[in-house]
Each structure stands twice: as structure tokens, then as C-alpha cells.
Amino acid sequence: MITSICFCLAGLCLAYYFAVLVMSGLNTSFSWFWVLLAVLLAGFGWLYGWKREFLRAIPVAVKVLLAAAVLAGVVIFGLLFGRILQAMHSAEPSGAAYMVVLGAKVKHGRPSRALLLRLESALAYAEENPDTVLILSGGQGPDEAVSEAACMQEWMLSKGMKESRLVLEDRSTSTRENLVFSDRMTGCKKGPALVVTNDFHVYRAVQLARKLGYQDVYGLPAPTRPQYMFLHYAVREVFASVKEILTGSMSM
């Protein structure tokens, strides 16, 4: 029974891996995780089904330590995954003074799918809150024709947004720099401020902002498209959050 379950789960992981590649390409970050998980599941299923004598030979103390480590990992993963889900459904206040729109990949001078979804969510909020200042934050990568901030500005202007409401921060290369440089330009740390990003990224972005001293900050989530990619991105965010917590960049 356990062997069959392990092999079935391994097969699902491999199927999901190929689905991720079809949607986002071979260079999709963290896609290797699904292959690794499939190998681990299949390996355990093989050992449990045909090499139980090997498992029985493992000292009890080692088994206990391994079980404790796996249990701790599952608990931590579950807590962080729950926080990610909770953050993406939290309500944002109306009338925010600032809205920091986090940059994402620019392809051939145009917004990528992820960036376009962020821009659409930011525009919808901005139209309902005419006094909110939009901070378009994102530098220029080596394979980008223009900075993410400039790309976002062009898109916003094409939708009728007043240029006077737009602040360009075009030096940042990470979420942390997005938040630091945006505050240096505008003082948005005093809030109330919104951080606009994709739904799976809201939790980490807001926690980073709070660690940096943002006093009144909320997330404004953009949806994930296609929806089946959410699992991949959310799992990746769990591991990214663990890294930020261990380095002291954010609190759980």
C-alpha cells in the first residue's frame, strides 16, 4: 500500500514538473524540486517494498532523528504555506498614501505575464483611490531592454494614468531593494502603504517590509495565471521565506 502511494505521488510530481516546463520553459526557477521530490518518493517506495531488510538494519536512534527531522520540516512547511495562503486573502485598506508596485521580468520591452498581472491590480486600485502615489520599482536586468520601472511607467501612461502620480525607482534588483529604495525616494515607510505583487509573494514581501521598518503596510495581491502554477510558486516561496528567516531579513 505504502509503496503504491509513493510511486503514484512520484508520478504526479513528474507530471507536474513537465506541466511547469510547458508553461514557463526549461529555465523555470526551482522546477528541479519536483524531480527531486519524485526521486525521493520513488526511492522510499522501492526501499519499503523490496528492501525492508535495509530499513530494519538502520539503528533506532537514527530512525527517530530522521522521523523528527521530517516531522519538523513538515510542520514548518505547513505553517509557512498557511501564512502564504492567509496573506493572499487579506483585505487591503482604501486610501493608501503609497503603493509600491514590485517589478518583474520585462520581455522585449513589454511586461511579462507576472508583471502585467501586478500592473492590472495596481491600476484597478489606483483608479478607485485617486490620491494614492504609485512607486514603480524595478531595475534593469542584463537581458532586459529597459528597466522594469520604465516598462511599468509606459504601461500605466498608456492606460491614462497621470504621470504626476508615478514615481520611478529603477535601481533595485531584489524585493528588499525595492522596499529600501522606494522609501528613500518617497518616505513611504511611514505609510499607509501597499505592496503590489503576485499573490504567492505577498506574505514574504509584507514581512520584509515590516522588518525594514514599514509602519503601516499591506499587500495587494495579483492573481496567478494559469492557476495550476500557484502550487509551484507557493512551494518556492516557502523555501525562500525560510532563507529570509534564517538570515534575519524577516520574521515568521
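Observations on the model:
- The H on the amide N of GLY141, modeled in the peptide plane, is under 5 Å from the matching H of GLU148, each at least 5 residues off or on a different chain.
- Flagged links, alpha-carbon separation over 28 Å, of LYS107/LYS189; LYS162/LYS189; LYS159/LYS243; LYS162/LYS190: LYS107/LYS189; LYS159/LYS243
- Using alpha-carbon coordinates, inclination of helix 202-211 to the longest axis of the chain, degrees: 70 degrees
- Counting only residues at least eight positions apart within a chain, or on another chain, the lysines with an alpha carbon under 30 Å from that of LYS51 are LYS63.
- Net length gained if the chain between GLU127 and VAL70 were fully extended (0.36 nm per residue, minus Cα distance): 15.8 nm
- Gaussian network model of the chain, springs between alpha carbon atoms under 10 Å - residue of ARG83, ARG56, ARG171 with greatest fluctuation: ARG56
- From phi via Karplus (6.51, -1.76, 1.60), per-residue ³J(HN,Hα) for segment 182-192 in Hz, x at Gly/Pro: 5, 5, 4, 7, 10, x, 5, 4, 6, x, x
- Sequence-distant residues sharing a close amide H with ALA222 (under 5 Å, placed H): THR197, ASN198, ASP199
- Candidates GLU128, GLU148, GLU177, ranked by Gaussian network fluctuation over the chain, Cα under 10 Å, top entry: GLU128
- Fluctuation leader among LEU194, LEU55, LEU14 - the chain, Gaussian network, Cα springs under 10 angstrom: LEU55
- Degrees, to the nearest 10: 148-158 long Cα axis against longest axis of the chain: 50 degrees
- With Cα atoms, 0 to 90° folded angle of helix 2-24 axis to the chain main axis: 30 degrees
- Cα centroid of segment 1-65 to Cα centroid of segment 77-144, whole Å: 35 Å
Every read-out reported here was derived from the displayed coordinates using simple, explicitly stated rules and does not represent laboratory data. Because the structure is predicted, anything quoted here is derived from the model rather than measured.
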